[in-house]
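For reference, the structure discussed in these notes is given below.
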Amino acid sequence: NAYFLKGLAYFNLIRMFGGMPIIDDETAADVKFGRASVEDSWSAAEGYLLAAINMTDGTKGLDVRKGMRDPASGYATLGSAQALLGKVYMYQEKYSEAINILSALESSGQYALEEDYSQVFHPGNPHGVESIFEVNFTDKGAQSWEGPPNNGNALATLVSPRAFGNVVQAFPDGDIMSGWGMNQPTTKLVAAFDAMGDDIRKEVSVISTDYLQQMCDDAGVTTNWVNILTGYWDHKHGARSAYRISETQVNQNMILLRYSDVLLLLAEAHQKTGNDGLAQGYLNEVRNRVELDDVTASGAALLTAIKKERQLE
């Protein structure tokens, strides 16, 4: 797990900042390390993830998923490392290597797309069949505005609709909880859903102020919306009141890697290596889950369709 987490950290840092210091000496706490090249940094990330997969030091390796469910511990699994290594390869345009490692995950039979797209992100379905790696959050040690340190998922509250008023009363099923209104979806994203006729993912991903206001009006709830930049809020990652721990946190996990990402990476890698037929198959598997028609385009048009699918997925 340490190798996987180190690979994950380098993956995120390299994408944001470029070449990173490569620190592998546990005894060098007081030594200053210079930044390596981007290429060497990516090689280091590959090495950490390959070590996680192969455990060349002879210690206990990563758990292997069984019964299409992760271990209750939430630790990284073999599939977690395989998926992340595939992404590391893709960022370097190592398409053949990406195909090999991602195909190994696909052929394991331990992952699948959720039939109901809304269940991918629902807090009542942690570590579902589509989840490859997610961060667990606890409901212990509830936080308030004064503290103690946060043990739950504060991000979900940060992105929920910003409102003064008891929005929860308008949603007795516990689906909506007001928050700080960050990460607001753009009108461009909403237009992309509409252009694709993608109502399923749109409904799960974004929620409009107009809809929320109508629900509040119907319930007789007085609400004052604040900081509305686009007219839409992040529904996919927003806090659900049924999982509320305190006024600032909820017990909802955060998915970092999921199976649809693997399928779209395979689609892109196969397109880049000249196999449009396989690329179409992986792309359409993701599209069919949300009742969209198959893509039959090839070449540059197919690559554009894969990129568009990633935007909406």
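Mind listing the phi-derived Karplus ³J(HN,Hα) values for segment 159-164, rounded to whole Hz, using 6.51, -1.76 and 1.60 with θ = phi - 60°, and x for any glycine or proline?
So the J values, rounded to whole Hz, are 9, 6, x, 8, 8, 9.
Taking a ≥ b ≥ c as the square roots of the eigenvalues of the Cα gyration tensor of the chain, is the shape rounded (a/c under 1.5), prolate (a/b larger than b/c) or oblate? Spell out each step's value before the answer.
Details: a/c = 1.89, a/b = 1.30, b/c = 1.46.
Cα axes put the chain in the oblate bin.
Computed FRET efficiency, Cβ-Cβ of D210 and T304, R0 30 Å: what is it to the nearest 0.05?
Numbers: r = 31 Å, r/R0 = 1.05.
Efficiency, rounded to the nearest 0.05: 0.45.
Using Cα springs under 10 Å in a Gaussian network model of the chain, which residue among A98, A301, A192 shows the largest mean-square fluctuation?
A301
In nm, what is the difference between 0.36 nm times the number of residues separating D218 and L256 and their Cα-Cα distance? Walk me through the numbers on the way to the answer.
Working: separation 38, 0.36 × 38 = 13.68 nm, distance 3.65 nm.
Stretched out fully, the D218 to L256 stretch lengthens by 10.0 nm.
So, with +1 on the Cβ of K and R and -1 on the Cβ of D and E, and no other charges, what is the size of the charge dipole of segment 54-141 about its Cα centre, to the nearest 20 debye?
Working: 7 positive and 12 negative charges, 60 e Å.
About 280 debye.
I want to make sure I understand the PRE zone here: with the label point 7 angstrom from the Cα of I228 toward its beta carbon, which residues in segment 182-214 have backbone N atoms less than 18 Å away?
Answer for segment 182-214: 182-191, 206-214.
Name the lysines eligible as straight-distance cross-link partners of K272: C-alpha to C-alpha under 26 Å, and not fewer than 8 places from it in the same chain.
In chain and number order, the partners are K87, K94, K307, K308.
Tell me, what is the FRET efficiency for K66 and S118 to the nearest 0.05, using R0 = 25 angstrom and their Cβ-Cβ distance as r?
Working: r = 26 Å, r/R0 = 1.03.
E(calc), rounded to 0.05, equals 0.45.
With a/c under 1.5 counting as rounded, go ahead and sort segment 33-99 into rounded, prolate or oblate using the C-alpha gyration tensor (a ≥ b ≥ c being the square roots of the eigenvalues; past the cut-off, prolate if a/b is larger than b/c, else oblate). If you can, show how the numbers build up before the last one.
Working: a/c = 2.45, a/b = 1.61, b/c = 1.52.
In terms of gyration-tensor shape, prolate.
Rounding to the nearest 20 debye, state how big the charge dipole of the chain is about its Cα centre with +1 on each Lys and Arg Cβ and -1 on each Asp and Glu Cβ. Walk me through the numbers before you get to the answer.
Numbers: 25 positive and 40 negative charges, 96 e Å.
For the chain, the charge dipole is close to 460 debye.
Rg and Dmax in Å for segment 215-281, alpha carbons only: what are they?
20.2, 58
Any chance you could give the angle, 0 to 90 degrees and rounded to 10, that helix 95-107 forms with the longest Cα principal axis of the chain?
So the helix axis and the longest Cα principal axis differ by about 70 degrees.
Just to confirm, what accessible area per residue do you get for segment 159-283 at 1.4 Å probe, in whole Å²? Numbers along the way, then the final one.
Working: 5510 Å² over 125 residues.
Per-residue value: 44 Å².
For every helix of n ≥ 4 consecutive DSSP H residues, a contribution of -39,500 (n - 2.57) applies; sum these over the chain, divide by its total residues, and give [θ] at 222 nm rounded to the nearest 500 deg cm²/dmol. Could the numbers behind the result be given before it?
Details: 11 runs with 136 residues, N = 313.
Theoretical 222 nm ellipticity from helices: -13500 deg cm²/dmol.
The values are calculated or read from the model by the stated rules, or taken from the named source; none is laboratory data. Fair warning: this is a prediction, and the values are worked out from it, not measured in the lab. Virtual Cβ from ideal backbone geometry, glycine too; neighbours counted across all protein chains shown. Calculation scope for accessible area: heavy atoms of the full protein, side chains included, ligands and nucleic acids excluded. Shrake-Rupley method; radii C 1.70, N 1.55, O 1.52, S 1.80 Å.
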